[in-house]
Amino acid sequence: MRTFFKQKKIFLDGEGDNWFFRNKDKYQKNNQRRNKILFNQIEKFEFNRTNKKINFLEVGCSNGMFLQSLKKKLGNIKIFGIYPSKKAIEELKKKNIKCYVGTADKLKFKKNSFDIIYYGFCLYLCDLKDYNNIYLSAKRALKKGGYIIIFDFFSKKLKRNIYKHDERIKSTKYDFRKIFQKEKKFTCIYHNLYNYSNMLKVKNNKKGDLLSISIMKNVTN
């Protein structure tokens, strides 16, 4: 009988640190392509046409490279991050990024804090039982008219595989937009699929490992 381990606890207890050290110096071409796509979409958001400061939270911020690149690109933005690694957060604070040790299911921020919440390649490692709390936490922390951005593995049907770095953990491929579509408070305004190996756009969603970038808007009345 396989013992059940809550994946969130495994990451908070050390695998978050391990992931951070394995990946802290990586900044591959695929990341640059992803960033270009995301920057182009974020620049289209309506509040970019005002002088208002944008509050941007990255869930799964790791080494903070995306947040720093975004701030350099947009300028008029306040960046925040959460990540399940004390070591990562210690280094990010040295970069003047407001960040906290945490996970997607419990965003410890005030209600209506953010214009954008970005889930940066982290939902695939979350516990399935935490999906509802992830939704509720996002709904609480996001402003009316704000946006959720998801970058992650994609599959029409939920698929689970053993995580290669720790057999106690399963990685998930899914259409993660479904987490946020329960009460029709979020509508999808952008969704495209990309090849995992080169981050090039694809049309056929049945071949190879796929990534998706999805953007959802809070349309709460």
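The values are calculated or read from the model by the stated rules, or taken from the named source; none is laboratory data. This one's a predicted model, so the numbers in the text were calculated from it and none came from an experiment. Heads up, the Cβs are rebuilt from the backbone with ideal geometry, glycines too, and the neighbour counts pull from every protein chain shown. For accessibility, only protein heavy atoms count, side chains too; no ligands or nucleic acids. Shrake-Rupley method; radii C 1.70, N 1.55, O 1.52, S 1.80 Å.
Here the range 77-196 has an Rg and Dmax of 14.9, 41 Å, counting Cα atoms alone. Residues whose amide H comes within less than 5 Å of that of E58, counting only those at least five positions distant or on another chain, are F80, G81, I82, Y118 (H built at 1.01 Å from N in the peptide plane). The mean of 1/r over all pairs of different alpha-carbon atoms in the range 120-168, once inverted, gives a Kirkwood hydrodynamic radius of 12.9 Å. The range 79-124 and the range 147-163 have their alpha-carbon centroids 20 Å apart.
Here K6 and K87 are evaluated by their C-beta separation; at R0 = 22 Å the FRET efficiency comes out at 0.60.
Rounded to the nearest 20, the size of the Cβ-charge dipole of the chain about its Cα centre is 500 debye, with Lys and Arg at +1 and Asp and Glu at -1. Taking 0.36 nm per residue of separation and subtracting the Cα-Cα distance, full extension of the segment from I189 to N51 would add 47.3 nm. Computed over protein heavy atoms with a 1.4 Å probe, the carbon and sulfur contribution to the accessible area of the range 7-135 reaches 49%. Pull out a ≥ b ≥ c, the square roots of the eigenvalues of the alpha-carbon gyration tensor of the range 26-116, then state rounded if a/c is under 1.5, prolate if not and a/b is larger than b/c, and oblate in the remaining case. Oblate shape, in that a/c is at least 1.5 and b/c is the bigger or equal ratio. Each listed q (0.18 Å⁻¹) maps to a log10 I(q)/I(0) for the chain from the Debye sum over equal C-alpha point scatterers, namely -1.56.
Computed per residue of the chain from DSSP H runs no shorter than four, each worth -39500 (n - 2.57), the mean residue ellipticity at 222 nm is -7500 deg cm²/dmol. With a Förster radius of 30 Å applied to the beta-carbon distance between K111 and H165, the computed FRET efficiency rounds to 0.25.
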